[in-house]
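Asker: To start, I am sharing the structure in question, which I have written as structure tokens.
Read-outs throughout are calculated quantities, based only on the coordinates presented, and are distinct from any laboratory measurement. The model shown is predicted, which means the values in this text are computed figures rather than measured ones. Cβ placement follows ideal geometry from the backbone for every residue including glycine, while neighbour counts extend to all protein chains displayed.
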Amino acid sequence: MSITPDGYFLDVRTIGRVCYEDDDYLLATVCTDRMQRTYHHMREKIINSLKHRLLVFLYKRAETISQEEGSPRALREFFHYFDHLLRLRMWKMQLLDDVHLLIKVRY
């Protein structure tokens, strides 16, 4: 968001199912016409960009903790909960400040 000199909010960039503008184009090039007609965002098998980044962050965090502790416990917990994390659907998002993003998920 940006504020104009008149005091109005201006939408600079919208984060949705994808993070970059050309991601929708890339998805459209690999989806057949039949796939595009029956496409439902909530039922897609592809992991969207933001969810992918969150899963990568959680994996790297678990890997770092496992290396520091010298035990695979954190990685085992990540893989134990991976299917649950994968099934979660991002429902709402809100930017709290420059570094915090609040994400409401549902199962």
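Asker: Once you put a point 7 Å from the Cα of Tyr8 and another 7 Å from the Cα of Asp83, both along the Cβ direction, what distance in nm separates them?
Answerer: Each label point lies 7 Å from its Cα, and together they span 5.1 nm.
Asker: What nm distance separates the two modelled labels at Leu58 and Lys104, each placed 7 Å from Cα along Cα→Cβ?
Answerer: Going by the 7 Å Cα→Cβ label model, 2.0 nm.
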